[in-house]
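**Student:** Below is one structure. I have some questions about it.
The numbers here are math on the coordinates, done by the rules we state, and not lab data. Since the model is a prediction, treat every value here as computed from it, not as a measurement. With ideal geometry, Cβ positions are generated from the backbone for all residues, glycine too; neighbour counts draw on all protein chains shown.
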Amino acid sequence: GQNIDQPTEMTATEGAIVQINCTYQTSGFNGLFWYQQHAGEAPTFLSYNVLDGLEEKGRFSSFLSRSKGYSYLLLKELQMKDSASYLCAVLTPSGGYNKLIFGAGTRLAVHP
Amino acid sequence: GAGVSQSPSNKVTEKGKDVELRCDPISGHTALYWYRQSLGQGLEFLIYFQGNSAPDKSGLPSDRFSAERTGGSVSTLTIQRTQQEDSAVYLCASSPTGGPVNTEAFFGQGTRLTVV
């Protein structure tokens with residue numbers, strides 16, 4: 001079976017740092033994505049990890065530990081516009097290719 | 001086109017009617033996904049097409065749901081005898097490949113389906 005778990009909601013203060021965790025148990029693993037989704041909009045790509053370690057991209061960083069089935073998204077210097085849902089997604093094998101399976105998402109509210 | 005295009009953007013239908021939702025992927029993308037997103041929820045996988053391979057239909061919730069992809073490009077998701085619980089946003093995404101490389105998926109704006 002496929003299981004991807006994230007906290008449902010988080011709140012944080014403008015200017016602060018927040019870490020959003022994701023744990024997964026999937027039948028195969030070929031990479032992990034983080035997407036951002038603002039209310040009423042389509043998800044947009046944030047990051048991709050396939051090897052263990054930290055990938056940094058500006059204010060956003062993503063970490064992966066394959067042995068632990070664990071990833072986190074780190075958002076620094078939070079801005080009000082970062083209020084959105086953050087979706088963890090895992091690439092799993094499907095018929096010789098890969099398919100993308102999503103967690104339920106974490107709604108982040110940034111307040112002044 | 002420049003991005004993934006879905007139509008219609010909104011659809012209101014009566015319970016029991018059939019609906020068709022359309023997705024035009026990014027040109028050249030071999031992989032195409034359909035997801036369903038209920039209000040405030042995550043993305044529920046429905047079906048996945050990869051090139052000319054048989055689609056992965058493991059996420060379709062019932063036999064009222066079906067999808068086709070003609071000529072490896074445009075896809076249509078059909079819901080027969082719609083029920084109120086089918087009300088959701090249906091998102092389509094495409095990616096360049098489904099192979100073991102970075103296969104970032106690009107999403108359309110979705111079709112908001114309301115069954116009354």
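**Student:** Using alpha carbon centroids, what distance separates segment A:1-72 and segment B:56-116, in Å?
**Tutor:** Using only Cα atoms, the two centres lie 23 Å from each other.
**Student:** Using DSSP to define loop residues, name the GluC sites (Glu not before Pro) in segment B:1-91 whose beta-carbon has at most 11 other beta-carbon atoms within 10 Å.
**Tutor:** In loop regions of segment B:1-91 (DSSP not H, G, I, E or B), the sparsely surrounded GluC sites (Glu not before Pro) are B:Glu14.
**Student:** In segment B:15-48, which chymotrypsin sites (Phe, Trp or Tyr not before Pro) fall in coil by DSSP and have 16 or fewer other Cβ atoms within 10 Å?
**Tutor:** Listed in order of number, the matching sites amount to none.
**Student:** Would you mind giving the mean number of other chain beta-carbons within 10 Å of the Cβ of each residue in A:88-99, as a whole number?
**Tutor:** 6
**Student:** Would you be so kind as to identify which of A:Ala16, A:Leu100, A:Tyr72 lies farthest towards the positive end of the dipole of chain A, taking Lys and Arg as +1 and Asp and Glu as -1 on Cβ and the Cα centre as origin?
**Tutor:** A:Leu100
**Student:** Residue by residue through A:38-44, how many Cβ atoms from other chains fall within 10 Å of the Cβ on average?
**Tutor:** 5
**Student:** Continuing with the same structure: Which parts of segment A:17-51 would a label at A:Lys76 reach, counting a residue when its backbone N lies under 14 Å from a point 7 Å out along Cα-to-Cβ?
**Tutor:** What the label zone holds, given the 14 Å backbone N cut-off, is A:17-19.
**Student:** Short version: what are the Cα gyration tensor semi-axes of chain A, square root of 5 times each eigenvalue, largest first, in whole Å?
**Tutor:** Values for chain A, descending: 24, 14, 12 Å.
**Student:** Sticking with this structure for a sec: On average, how many beta carbons from a partner chain sit within 10 Å of the beta carbon of a residue in A:46-59?
**Tutor:** Mean shielding count: 1.
**Student:** If we count other beta carbons within 10 Å of each Cβ, what is the order of B:Ser58, A:Ser67, B:Ser95, B:Ser5, fewest first?
**Tutor:** Ranked by crowding around the Cβ, least crowded first: A:Ser67, B:Ser58, B:Ser5, B:Ser95.
**Student:** What spacing in nm lies between the two simple spin-label points modelled at A:Glu56 and B:Thr70, each 7 Å away from Cα in the Cβ direction?
**Tutor:** That separation, rounded to one decimal, is 5.1 nm.
**Student:** Now, a different point. Over segment B:1-52, what number does the Rg to Rh ratio reach, with both radii from the alpha-carbon atoms and Rh per Kirkwood?
**Tutor:** Result for segment B:1-52 is an Rg/Rh of 1.00.
**Student:** Can you give me the orientation-averaged projected area of the convex hull built on the Cα atoms of the protein assembly as shown, in nm²? All intermediate terms of the calculation are to be shown ahead of the outcome.
**Tutor:** Numbers: hull surface 49.2 nm².
Averaged projected hull area, Cα only: 12.3 nm².
**Student:** Just add up the charged neighbours of B:Thr78: K/R +1, D/E -1, any other residue whose Cβ is under 15 Å from the Cβ of B:Thr78.
**Tutor:** Here the charged neighbours net out to +3.
**Student:** Sticking with this one: Give me the net charge of B:His29's neighbourhood, meaning all other residues with Cβ under 13 Å from the Cβ of B:His29; Lys, Arg count +1, Asp, Glu -1.
**Tutor:** -1
**Student:** Work out the charge dipole of the protein assembly as shown with +1 on the Cβ of Lys and Arg and -1 on the Cβ of Asp and Glu about the Cα centre, then indicate which of A:Phe29, A:Ser83, B:Gln80 is farthest towards its positive end.
**Tutor:** B:Gln80
**Student:** Report the equivalent ellipsoid semi-axes for chain B in whole Å, largest first, defined as the square roots of five times the eigenvalues of the gyration tensor built from alpha carbon atoms.
**Tutor:** Largest first, chain B gives 23, 14, 13 Å.
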